[in-house]
Ligand code: PEP
């Protein structure tokens, strides 16, 4: 399976810098056929830059949203629906990122409703799971991630329409990465929870950089990376892909 190299731009950049980043990633990816053989590429810009980013990329780079509404349309001020993302040319949507779980109190049940809407719209849902530092310190990481998987995945979930991203909350944007043993154990646990279905892509996320990516990608059941900070520089994003 090709590694999925997915960039989560979060709430960063301007229209100009976002379009510049999308076009330079697109150009770099298309210059290197070995990278295209080894990896699939995805960028997830802020909603308002989606259309312009789409115009700046070709078929080698997929586009995704960072969230979607649990509703399809109607009086839901501020929401963006899964069909709207699809309409903008998105193929993916990140759901249940720990920042949304933490700052917007998103529950597993809400994430499952959003994932169902994403599936219905023909999007691939990247469903994020991961424990906090306190939960790991008290040995609860598998219980937490197991419960998030059970409750955040709707019954429409298949290996074709869903990607799992394991992102230990304490490793996101902190420069700390989980140890290779911890990643291996958790990815094996997630694979087992997915009925050992080897077709599901399981990404690792949390301070992935060009310098640590090779070690992370060598771990069994790591099928790519969800990248925050390092996805904002073409050189770092491509450096991570090169490690694959
Ligand atoms: C993320 O936001 O999903 C993430 C993994 O961020 P970072 O790579 O900056 O830790």
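Candidates in the range 1-24 are the residues that are touching a residue at least 60 places away in the same chain (Cβ under 8 Å) and more than 29 Å from residue 198 (Cβ to Cβ); of these, the one that is nearest to the ligand (Cβ to nearest atom) is 10.
Here is the figure for the range 28-55: residues that are more than 21 Å from residue 123 (Cα to Cα) and part of a loop (DSSP other than H, G, I, E, B) total 2.
Would you check if residue 58 is in contact (Cβ under 8 Å) with a residue 24 or more places away in the chain, assigned to a loop (DSSP other than H, G, I, E, B), away from the ligand (no atom under 16 Å from the Cβ) and on the phi < 0 side of the Ramachandran plot? Yes; evaluated as a whole, the condition is true for this residue. Checked against (1) touching a residue at least 60 places away in the same chain (Cβ under 8 Å); (2) closer than 19 Å to residue 7 by Cβ, residue 102 meets all criteria but (2).
Suppose the filter is within 16 Å of the ligand (Cβ to nearest atom) and at positive phi; does residue 74 pass it? It is false that residue 74 is within 16 Å of the ligand (Cβ to nearest atom) and at positive phi. Checked against the criteria, residue 126 does not count as within 16 Å of the ligand (Cβ to nearest atom), touching a strand residue (DSSP E or B) at 6+ places or on another chain (Cβ under 8 Å) and in a helix (DSSP H, G or I). Kindly check whether there is at least one residue in the range 64-80 that is within 13 Å of residue 238 (Cβ to Cβ), under 19 Å from the mean Cα position of the chain (by Cα) and at pLDDT 95 or above. Within the range 64-80 (the criterion being within 13 Å of residue 238 (Cβ to Cβ), under 19 Å from the mean Cα position of the chain (by Cα) and at pLDDT 95 or above), the answer is no, since none of the residues qualifies.
Screening 103, 92 for residues that are out of contact with any helix residue (DSSP H, G or I) (no Cβ under 9 Å at 6 or more places or on another chain) and within 20 Å of residue 228 (Cβ to Cβ) leaves exactly one candidate, 103.
Based on this model, can you work out whether residue 96 counts as under 19 Å from residue 201 (Cβ atoms), buried (at least 21 other Cβ atoms within 10 Å of the Cβ) and at pLDDT 95 or above? Taking the combined requirement at face value, the residue satisfies it.
Does residue 25 count as buried (at least 17 other Cβ atoms within 10 Å of the Cβ), on the phi < 0 side of the Ramachandran plot, modelled with pLDDT of 95 or more and not in a loop (DSSP other than H, G, I, E, B)?
Judged against the criteria, residue 25 is a match.
Pairs are defined by a Cβ separation below 9 Å, a sequence spacing of at least 6 or placement on different chains, a first member in the range 188-205 that is farther than 18 Å from residue 125 by Cα, and a second member that is outside any helix (DSSP H, G or I); the pairs so defined are 188/220; 188/221. Checked against the criteria, residue 131 counts as within 17 Å of the chain's Cα centre (by Cα), crowded, with 20+ Cβ neighbours inside 10 Å, within 16 Å of the ligand (Cβ to nearest atom) and over 25 Å from residue 238 (Cα atoms).
Those strands (runs of 3 or more DSSP E) of the range 152-244 in which at least 2 residues are more than 10 Å from the ligand (Cβ to nearest atom), considering only elements entirely within it, cover 162-166, 201-205.
What tally of residues in the range 161-181 results from selecting those that are closer than 16 Å to residue 137 by Cβ, surrounded by 16 or more Cβ atoms within 10 Å (Cβ to Cβ) and out of contact with any helix residue (DSSP H, G or I) (no Cβ under 6 Å at 6 or more places or on another chain)? The total comes to 2.
The values are calculated or read from the model by the stated rules, or taken from the named source; none is laboratory data. Since the model is a prediction, treat every value here as computed from it, not as a measurement. All Cβ positions, glycine included, derive from the backbone under ideal geometry; neighbour counts span all protein chains shown.
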